[in-house]
Structures are given as C-alpha cells and as structure tokens.
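The next block holds one structure in the form of structure tokens; read it before the comments.
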Amino acid sequence: MGSETATVLGLFEQVAKPLILGGSLRPFDPIGPSAAMGLAEQAARGLPASDMSWLTVARVRQARRLCPLDALPDLTLEEWLMIVAVHDLVRATDPEVGSFLSPGRAVQVMQGALSVLAQVPAPRDVGEALARHATFASLLSIRRTDTAVHWWCGSKTFAGRKPPARLLSWPEVRRVRSQSVEQDVGSMMSGSEASRESYEEVLRALLARTPLTDLATAGRSMPAFQWTPPVVGMLSGPGRHLAMRALRWGDGTKALVAARTAAASLNGARSVRTVLEGAIAELEAWGGVA
Amino acid sequence: MLDRVAMHQTRLRLPGLGIDGKGVAFGSRGVVLLASLERLVAFLSLYTSSQSLADLLASLHIEVVRSKMGTREVVLSFAAEGSERMDRVSEVARVTLGHTFTGSSRHFVQYRDAGAPFGYDVSQVLAADGDYILYHNAFSQVYHRERDLDLRGLLLRLHPVQDPAFGREPGPCLLVAEEGLGPAVIQYLIRSHVDARVGVAEWPPLSALDDGNVRRYLFDVASLPERMSPMVRSTPGLTAFRVVAPGIAVQLGYRHPITLRSCPVFPSQGMVLFRGEQTEPLVLDTMPAMGSVSAFARVTFHDGTGLRALSGPDLAVPATTVPVRLLPSIEPWRSVRATFIPPSDYPALRQILYVLGTRTLQTATIAFTRHGAFLLNPSGVESTPVGHFLREIRPGVYVAAGYDPVPAVDPEVLYQALGSPSNHCVFLLPNTQAIGVPKHAFVRLQNAMIEGHAWSPVDATPLEPALAASIPRVVFGDADPTPQE
C-alpha cells in the first residue's frame, strides 16, 4: 500500500503536473495495465485539494481558450488512466527501457498503454471533452533534449539524459564534441519499426479520447489527423462551436489541409460527409485560405 | 626728598636747572624713565597717536640704562626747549607709568606735577659718576648707559597687529607680488582696466644658500576696486599694502602698534613695507623704476597676414610707418559681435550650447581654425559667454574687446591696411598675429555643433503571452539535461 501511494504521488508530481503545468516530466518504471486502474482510482479520490489547485487553475486556463468557463471538475478516473498511458508511452521512448535480454520491452509497454486506454471511453458530453482537452492540451508539445557526444574514438547519444562528466572531460585532448538535439513527439521514438507503429497507435488512441485536443492539433505531422467518431460527434452535436474553435486554434492552413486529407480518405455515411464538408467550408471561411 | 620750587624762587641747587618765564624749574634736556621696552612702545604709541614725534626726533636719544642694583630701564632724553613740550611728554609718560625728569648734563630732577606746579629742586646733590643721576620724590638713582636704542630699528622690529578694519575701504594701495606671480597680476590688472604702475624690486639674498637676489613685483595701484580686495588679501604670494606715511606702508588688515605717520624716521624716497603674520618688513632704500602696467602688455603684431600688408613693398610704405598695436582701453564695449574661443575653452562651449536659445543657435555662425574657433553673431555674442569677445569695428574686421588699435586710425584705413580682404573676416587679438578666416568657413552654429548620432536597429522584445505555459520536457534518470523553461 505504501509503495502504491508513492507511485501515485510520483505519477502526480512527475507526470501529471509537468504535463499540465510544464516542466520536467520524469517517468519512472512502466506501470502497466494491471496496476493502472488501482493507481487511477487512488489518484482520483486520494489527492488533496491543495495539490490539485494549481492543476485546476492551469486546466481552466487551457479551457478558457475555447470556452469562457470558470471551473472544471477535478481529474476524473478516465483522465488518470490516460495519464498512466501517457507515462508508459513516454517511458517506452527511453532507449534504455529495453535490454539485451528483452529487446521488445518498449512494444510491450506500449501495448500495455493501449490496454489501459481501452478502459477509457470517449467523452460522454461536451464538458467532459473540454475537461480532457484542458488536461491533455500539451500532449503533443512534449519535448525531449538528446545530447550527442562525439569523442576521438566513438560517439553516443544520451536521450533525455545528461552525459556523464567523465565523458566530457579533457575536451581538447579527447576531441570531445557535444551537441544537443531537440526531439518532439514525432521524433521521440527511435526504436524499431514495430516500436514506432505502436507508438503512433498509442498516440492516436490517446487523441481519440480527447477529441478537442485532436482537433486543436489537426495540423500535426504525426500521427496524421483522422476524422474519428468522437470528433465527428463533436462537430455534429452541441459541441460544434467548441470543435470549430479548436480546429481553428492551431495553424489554419495545416489544419485545413489535414481536414481535407482526412475527409478524402473517409468512407462514411452521407450525413457524416455533409458535416465534414460544412466544417471544412467554415474553416476555409475563417482562415481565408483556398 | 625733593624741595618744591616756590613762586619767584630764583636760586636752585641742582646744576643746570633754571627757571623759565613762567617760573617753572627745568633744564635744557628732559628725561623720561621707563621700566621696560614694552613701556617704551606704549609711550611711543600714545605719544604718536596724538602728536608728531618729529619735533623730538632731532634731539631724541633712547638708551638702555642700568642702575647700581643691576636693573635695566629705558631712558628717553630730548631737548626740553620749553615747559609746554615737557608738560606733554610728562602727561604721556605718566600714563605709561614712567617718570619725567628735567635737567642737564647728568643730574635730572623730577619734573613738575600737581603737587609742585613750579617743579622740584634737590636738597643735596649726589656725588656720583653715573651717566644719569635722577632725583625723584620717591627715590634718587644713578644709572649708567648700557647701549643705545635706534628708534628706526625699534619700529622695524615691531610686528603689526591684526586690524581687519585697516584698508577695508577702497583706495590706493601697493601690491607686492612674488616674482612668478607678477606677470599674471599685470595681465589681470590690464584685463580689469585697473590703472596701476609696476616695477620690479630686488632684495639681497636672505642667506648664502640662496641663488641670487630676491625679486618681487611692486604695483602702485591708484584705486584698488573693492571687488579685488578679497583676492589680493587671500592670494598666496600677493600682499597688499596701504601707504600710511611717506615711505611707509602697512599690509591691509594689519596695523602697526605705533602711529608711523608721526614718526618720520624712514626716508621718503624709499619704502618700508610692514607685513603681517610675524614676517619681517620689506625695506626699499629707493623705489624701483615704475611704469604703467599697460606698457607690459605685449600687444604688437609681427608678421600678421593683414598687418604685413601695412609694411609691404606693394604699398611703398615709407620707413616712417609704424605697426598697428592693440592697447588696453577703458572705453565701453560696443558692437561685440564675435568671440574667439581657444581650444582650451571648447569644453565650456559644449556646455553652453545646451543652454543657448533657438534664436542664437539659428543666427550664430562659427568657424574652426587651428588657433581656435571664431563665433559670429550679428545680434551680439553676450549670450555665449565663452572665449575672448571681439568688437566689430567695420564689417569683416574684429578687434579684441577692451583694446583699441593704435595708432587710432579710421577702421576703413585699417581695413585697407589689412589688404581689404573682402572674402575674409580678420580678427585682431592681443599677443598674437592677425588671423583671417574665409567667410565661407563659417557655418551655422546649430549645424556645426550637433554631432551625428549613431543608431542601431534593435528587435522588439516579444511579449510573452499572459497565458503562456512552459512545455513538458521528458527527462530520464535523475539528471536534468537542460534548464527548465
């Protein structure tokens, strides 16, 4: 029990707070689907209000970009499950998460994250969608600084880690060169093809659980924007205004291109196409682009 | 004890004592016995404050005498001449606790007082061989002469005492300047239009260690302006004196203990300068040759560009021509429309530019030369109080303010002598040759003095959105590879 509480606090301090407030996101050992529900339940009911106050303020700040509201409910069980999935996903990007004996551990971790996300349904109403967006608006803004160190007889890249001082010593004698490389969400996974596919799949699953975030980042490079049922549901229901605002939030041109591309590959009902065409037409009108 | 002389008494016992027409007993000489030198000074001070010592000087002898008991006292002896003189001397001596005697040769009896209006006579003459045998109601004493006291030397040895009131009022005075300070004082007096004469006096070296004679400048200022009084009193090396008697001057702010005007002991052809601050007086046996300070102002021009034309061969100037000079003038300044600003005054000019009015900046023109800057302002240069002002005596010809060109030729003649430079402005300055500046070199002051301002474009600092939040940054392990955003 004590270890679980520490994990909850670690999840809160090292993952949830940086994800919402910004700062260093320090994932620890993968949580996995077996412990996810227990941790999420404990986090949803056990964290003191004082710890949540800053998160609430930051979430309201994010939500007010789309809707003039003054209060949001605390993080729900579903949101904590999604945070667990984010944690495992980020942890899986660590090149050192695998080993010689378990080269596919990263894929296993991401599969576990998918299992966690499978327990999270789509938002039931606009308010829940807005609350999830307030929590995960920065999901695709996660960055990682890798440091590539070259010396006279070798080189090594430290992903999200600081190179050891001994490796940087005697820089002139050993001809040491150090270069920092900024990695975004799209380039953070550097493993095998299977790993990258699982990585993209988890990201897509995460975005499907927060449709407003999906719309607000429609112009992203990876994963490519798709018209998912929750997104179409937002546009066709009472959340249309919020959905359109979210769609216009980012780069309008890229969002329009992504929306058109996604609509072209969609084989849906006529009513769905009508909704999407209306949304694209409105986006064109707002953005003033062809 | 002495015997009072009775009215109509004719026979007296003291040898050399007689009766004058009033019946008063007195001899050919009078004697004043004073207990010390301080009493002597007090006696002289009191005496000279009310009357002149001139009538006594011819017969006055001051001696230090010693009694048989070894006490030293001071004796003044002088020709009595009459009871009136003796009465005056007696009154002053009484104030200074001295005793007055009369007699002749060696025997002197107490002079008359209120108790004996006709004087005293001795009952018995002492048989002694002293130089002075004095008979007094209280004592009879024999004194031997020890040494003489020179009144002139005594006056020179007395230090003046502080008297701030002396010399406060403006008037004539003498200035003594140390050798190095003299030329500066000369120029100062010339610039200030103070009428004065100057000479150089020499004193022998104070000791064998000195290199040579001590030279000092001596200024005879007819009327020292009151504004200069603090300067001459406070400047080291410069001492101001006021003549209190022919041949005698005392430093301003000090007073000699004795009224020197009543002591004509110093020759009038010389000068004794009594200095304060416990310093010895300066004695000039004869006054040095003195001349007006204006003669010391070197105002001639040599090889001037314009003035050379005056003696140039083109005009066939005869040998009787003279160069034009500038002499200090007390005439009021008129048409002061230019100023010469030497390079040393450029910082002051830069400061003044900040307070000049718009009109001055627009109308004034300036030209820079290797000698300095010349600033012209047709409306007057009073608004730019820097440099040496110049008067415009005719268009294009400027003369230093406070000076007049001599010979006092017409400005047009001077202009022609300068070669009629139509495209030049000619400036005549003291102590330097005439300077001609091309007219096209003058530019408007506001154009000349505003320096170019370098500027560099800078990017505006982007405003951070109020709702901006730092991004999440993944860090593995304990180390943080980058600082927090």
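The values are calculated or read from the model by the stated rules, or taken from the named source; none is laboratory data. From a predicted model like this one, the values you see are computed outputs, not experimental measurements. Positions of Cβ are generated from backbone atoms using ideal geometry, with glycine treated the same way; all protein chains shown enter the neighbour counts.
Can you tell me how many residues within the range A:6-47 are within 14 Å of another protein chain (Cβ to nearest Cβ), in contact with a Phe, Trp or Tyr (Cβ under 8 Å, 6 or more places away or on another chain) and part of a loop (DSSP other than H, G, I, E, B)?
Qualifying residue count, the range A:6-47: 2.
Do we find a residue being closer than 23 Å to B:Pro328 by Cα and in contact with a Pro (Cβ under 8 Å, 6 or more places away or on another chain) anywhere in the range B:410-418?
yes
Evaluate the range B:165-188: report whether one residue or more is β-branched (Val, Ile, Thr), over 28 Å from B:Gln269 (Cβ atoms) and touching a residue at least 60 places away in the same chain (Cβ under 8 Å).
If we filter the range B:165-188 for residues that are β-branched (Val, Ile, Thr), which is where we start, we get B:176, B:185-186.
Now restrict to residues that are over 28 Å from B:Gln269 (Cβ atoms): none.
No.
Keeping to the range B:410-427, report how many residues are in contact with a Gly (Cβ under 8 Å, 6 or more places away or on another chain) and either closer than 19 Å to B:Ala373 by Cα or in a strand (DSSP E or B) (or both).
Within the range B:410-427, the first condition is being in contact with a Gly (Cβ under 8 Å, 6 or more places away or on another chain), and the residues that meet it are B:415, B:417-419, B:421-422, B:424-427.
If we keep only those that are either closer than 19 Å to B:Ala373 by Cα or in a strand (DSSP E or B) (or both) too, we end up with B:424-427.
So the count comes out to 4.
Output the number of the condition that B:Gln433 fails; it satisfies all remaining conditions of (1) farther than 12 Å from B:Phe340 by Cα; (2) in a loop (DSSP other than H, G, I, E, B); (3) free of Cβ contacts under 8 Å to residues at least 60 places away in the same chain.
Among (1) farther than 12 Å from B:Phe340 by Cα; (2) in a loop (DSSP other than H, G, I, E, B); (3) free of Cβ contacts under 8 Å to residues at least 60 places away in the same chain, B:Gln433 violates only (3).
If we only count strands (runs of 3 or more DSSP E) wholly inside the range B:71-120, which ones have 1 or more residues that are touching a helix residue (DSSP H, G or I) at 6+ places or on another chain (Cβ under 9 Å), within 22 Å of B:His144 (Cβ to Cβ) and assigned by TED's automatic domain parsing to the domain that holds B:Gly30?
Details: elements: B:72-79, B:99-104, B:107-110.
Result: B:72-79, B:99-104.
Any residue at all in the range B:473-483 that is among the aliphatic types (A, V, I, L, M), buried (at least 18 other Cβ atoms within 10 Å of the Cβ) and either under 30 Å from B:Ile341 (Cα atoms) or modelled with pLDDT of 85 or more (or both)? So that I can check it myself, show each step before the final result.
Looking only at the range B:473-483, we keep the residues that are among the aliphatic types (A, V, I, L, M), and these are B:474-475, B:479.
Narrowing the set further to residues that are buried (at least 18 other Cβ atoms within 10 Å of the Cβ) leaves B:474-475.
Among the residues that remain, those that are also either under 30 Å from B:Ile341 (Cα atoms) or modelled with pLDDT of 85 or more (or both) are: B:474-475.
The answer is yes, given that some residue of the range B:473-483 is among the aliphatic types (A, V, I, L, M), buried (at least 18 other Cβ atoms within 10 Å of the Cβ) and either under 30 Å from B:Ile341 (Cα atoms) or modelled with pLDDT of 85 or more (or both).
Test of understanding: among A:Leu39, A:Leu11, which residue is within 18 Å of the chain's Cα centre (by Cα) and either buried (at least 16 other Cβ atoms within 10 Å of the Cβ) or closer than 22 Å to A:Asp88 by Cβ (or both)? Steps first, answer last, please.
Details: A:Leu39 fails: within 18 Å of the chain's Cα centre (by Cα).
Only one candidate qualifies: A:Leu11.
Which condition from (1) modelled with pLDDT of 90 or more; (2) within 14 Å of chain B (Cβ to nearest Cβ) is the one that A:Leu212 breaks?
Checking A:Leu212 against (1) modelled with pLDDT of 90 or more; (2) within 14 Å of chain B (Cβ to nearest Cβ), the one that fails is (2).
Which numbered condition trips up A:Val86, out of (1) more than 12 Å from every other protein chain (Cβ to nearest Cβ); (2) closer than 21 Å to A:Pro230 by Cα?
(1)
Got at least one residue in the range B:404-413 being under 39 Å from the mean Cα position of the chain (by Cα), among the hydrophobic types (A, V, I, L, M, F, W, C), assigned by TED's automatic domain parsing to the domain that holds B:Phe368 and closer than 19 Å to B:Arg191 by Cα?
Yes: the range B:404-413 contains one or more residues that are under 39 Å from the mean Cα position of the chain (by Cα), among the hydrophobic types (A, V, I, L, M, F, W, C), assigned by TED's automatic domain parsing to the domain that holds B:Phe368 and closer than 19 Å to B:Arg191 by Cα.
Name every residue in the range A:169-188 that is touching a residue at least 24 places away in the same chain (Cβ under 8 Å) and of a type outside the set (Ser, Thr, Tyr), in order of residue number.
First, pick out the residues of the range A:169-188 that are touching a residue at least 24 places away in the same chain (Cβ under 8 Å): A:175-186, A:188.
Within the range A:169-188, A:Arg175, A:Val176, A:Arg177, A:Gln179, A:Val181, A:Glu182, A:Gln183, A:Asp184, A:Val185, A:Gly186, A:Met188 qualify.
Got at least one residue in the range A:95-109 being within 14 Å of another protein chain (Cβ to nearest Cβ), in contact with a strand residue (DSSP E or B) (Cβ under 7 Å, 6 or more places away or on another chain) and either among the basic types (Lys, Arg) or over 26 Å from A:Gln42 (Cα atoms) (or both)?
Pass one, the range A:95-109, residues within 14 Å of another protein chain (Cβ to nearest Cβ): A:95-98, A:106, A:109.
Still in the running and in contact with a strand residue (DSSP E or B) (Cβ under 7 Å, 6 or more places away or on another chain): A:95.
When the remaining residues are screened for being either among the basic types (Lys, Arg) or over 26 Å from A:Gln42 (Cα atoms) (or both), the result is A:95.
Looking for residues that are within 14 Å of another protein chain (Cβ to nearest Cβ), in contact with a strand residue (DSSP E or B) (Cβ under 7 Å, 6 or more places away or on another chain) and either among the basic types (Lys, Arg) or over 26 Å from A:Gln42 (Cα atoms) (or both), one finds at least one in the range A:95-109, hence yes.
Counting only residues that are modelled with pLDDT of 90 or more, part of a loop (DSSP other than H, G, I, E, B) and more than 16 Å from the chain's Cα centre (by Cα), how many does the range A:76-101 have?
Residues flagged as modelled with pLDDT of 90 or more, part of a loop (DSSP other than H, G, I, E, B) and more than 16 Å from the chain's Cα centre (by Cα) within the range A:76-101 amount to 1.
Got a sec? Which of B:Phe241, B:Phe219 is touching a residue at least 24 places away in the same chain (Cβ under 8 Å), in a strand (DSSP E or B), of a type in the set (A, V, I, L, M, F, W, C) and touching a helix residue (DSSP H, G or I) at 6+ places or on another chain (Cβ under 7 Å)? Give the derivation first.
Numbers: B:Phe241 fails: touching a helix residue (DSSP H, G or I) at 6+ places or on another chain (Cβ under 7 Å).
That would be B:Phe219, the only listed residue that is touching a residue at least 24 places away in the same chain (Cβ under 8 Å), in a strand (DSSP E or B), of a type in the set (A, V, I, L, M, F, W, C) and touching a helix residue (DSSP H, G or I) at 6+ places or on another chain (Cβ under 7 Å).
Given the options A:Ala159, A:Ala122, A:Ala134, name the one that is away from every other protein chain (no Cβ under 14 Å) and in contact (Cβ under 8 Å) with a residue 24 or more places away in the chain.
Numbers: A:Ala159 fails: away from every other protein chain (no Cβ under 14 Å); A:Ala134 fails: away from every other protein chain (no Cβ under 14 Å).
Going through A:Ala159, A:Ala122, A:Ala134 in turn, just one is away from every other protein chain (no Cβ under 14 Å) and in contact (Cβ under 8 Å) with a residue 24 or more places away in the chain: A:Ala122.
So which residues in the range B:244-253 are within 15 Å of B:Leu282 (Cα to Cα) and either touching a residue at least 60 places away in the same chain (Cβ under 8 Å) or crowded, with 23+ Cβ neighbours inside 10 Å (or both)?
B:Ile248, B:Ala249, B:Val250, B:Gln251, B:Leu252
Give all pairs with beta carbons closer than 6 Å in which a residue from the range A:26-44 that is without any contact (Cβ under 8 Å) to a residue 24 or more places away in the chain meets a residue that is surrounded by fewer than 20 Cβ atoms within 10 Å (Cβ to Cβ) and not in a loop (DSSP other than H, G, I, E, B); count only pairs at least 6 apart in sequence or on separate chains.
Taking only residues 6 or more apart or on different chains, the pairs are A:Arg26/A:Gln14.
Could you go through the range B:65-80 and let me know if any residue there is crowded, with 19+ Cβ neighbours inside 10 Å, closer than 19 Å to B:Leu40 by Cβ, free of Cβ contacts under 8 Å to residues at least 60 places away in the same chain and among the β-branched types (Val, Ile, Thr).
Within the range B:65-80, not a single residue is crowded, with 19+ Cβ neighbours inside 10 Å, closer than 19 Å to B:Leu40 by Cβ, free of Cβ contacts under 8 Å to residues at least 60 places away in the same chain and among the β-branched types (Val, Ile, Thr).
What is the one condition in (1) part of a strand (DSSP E or B); (2) over 26 Å from B:Ala6 (Cβ atoms); (3) touching a helix residue (DSSP H, G or I) at 6+ places or on another chain (Cβ under 9 Å) that B:Glu63 does not satisfy?
Failing condition for B:Glu63: (3).
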